[in-house]
1. Taking residue 101, is it within 22 Å of residue 12 (Cα to Cα) and either acidic (Asp, Glu) or free of Cβ contacts under 8 Å to residues at least 12 places away in the same chain (or both)?
2. Regarding the stretch 82-103, can at least one residue be identified that is surrounded by fewer than 14 Cβ atoms within 10 Å (Cβ to Cβ), part of a loop (DSSP other than H, G, I, E, B) and either outside the structural domain of residue 140 (by TED's automatic domain parsing) or modelled with pLDDT under 95 (or both)?
3. Output the residues belonging to the stretch 1-45 that are among the hydroxyl-bearing types (Ser, Thr, Tyr) and over 25 Å from residue 93 (Cβ atoms).
4. So if I check each of 28, 32, 68, 21, which one is among the small types (Gly, Ala, Ser), buried (at least 16 other Cβ atoms within 10 Å of the Cβ) and under 13 Å from the mean Cα position of the chain (by Cα)?
5. Can you name every residue in the stretch 107-129 that is part of a loop (DSSP other than H, G, I, E, B) and of a type in the set (S, T, N, Q)?
6. Name every residue in the stretch 5-35 that is in a loop (DSSP other than H, G, I, E, B), closer than 17 Å to residue 142 by Cβ and not small (Gly, Ala, Ser), in order of residue number.
7. Across the stretch 78-107, what is the number of residues that are under 17 Å from residue 131 (Cβ atoms) and among the aliphatic types (A, V, I, L, M)?
8. When the stretch 1-17 is examined, which residues are found to be in contact with a helix residue (DSSP H, G or I) (Cβ under 7 Å, 6 or more places away or on another chain) and of a type in the set (A, V, I, L, M)?
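The values are calculated or read from the model by the stated rules, or taken from the named source; none is laboratory data. Nothing here was measured: the structure is a model prediction, and the numbers come from that model. In this analysis, Cβ positions are derived from the backbone assuming ideal geometry, glycine residues included, and neighbour counts consider all displayed protein chains.
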Amino acid sequence: GHSFALGRSRVADDPMELHRAGNEALLAVNVAEGDEEHPLLAFEQTGAYRLLLSAMSEDPAELQRFYAETVEPLVAYDDQYETDLVRTVEAFLDNDGNVAGTAQKLFTHRHTIRYRLERVRELSGLDVGSTDGREKLSLGLKAMRVLGVAAPSGPATEPGTGAGRVPRRGSGTT
């Protein structure tokens, strides 16, 4: 099936505010695309993403560097090996660090979640067991959305189990 996302900005009373309003609506769409339960989102509902939009306006290269240091290695690994590390981290953070809740949400075993989280640590250098590690990964995921980077949509199983996805054109796979 198809999915959609809509974003709404704050009201622009002046034509000079249209650029700001467009950026706010785009941010709301990027955030909504990552949340299947809330496909319609107002800028006011974007929470901490609002701060990152300001950071993006001030210094987009720094936001890109932060993403590259935190989540980009996971995205690259997911794309290369058809894994689900990004989605696992998102679910883990959404479940307040609860492995059993994460496993239930992703319809997989707790041991698989623990294995994936260990891979996250190895690839990113960030420990999901620490507040600092979880905070950086959370901000990295938010930076990914602000930058408009699409999260990988890998299988819910590890490679070699017969599940897979069709490679995207131009992704370097043959």
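1. Considered against the rule, which asks whether it is within 22 Å of residue 12 (Cα to Cα) and either acidic (Asp, Glu) or free of Cβ contacts under 8 Å to residues at least 12 places away in the same chain (or both), residue 101 comes out as no.
2. Looking through the stretch 82-103, none of the residues is surrounded by fewer than 14 Cβ atoms within 10 Å (Cβ to Cβ), part of a loop (DSSP other than H, G, I, E, B) and either outside the structural domain of residue 140 (by TED's automatic domain parsing) or modelled with pLDDT under 95 (or both).
3. 9
4. Values: 28 fails: under 13 Å from the mean Cα position of the chain (by Cα); 68 fails: buried (at least 16 other Cβ atoms within 10 Å of the Cβ); 21 fails: under 13 Å from the mean Cα position of the chain (by Cα).
Just one listed residue meets the conditions, 32.
5. 108
6. Scanning the stretch 5-35 gives a single hit, 35.
7. Selection size over the stretch 78-107: 3.
8. Of everything in the stretch 1-17, those that are in contact with a helix residue (DSSP H, G or I) (Cβ under 7 Å, 6 or more places away or on another chain) and of a type in the set (A, V, I, L, M) turn out to be 5, 6, 12.
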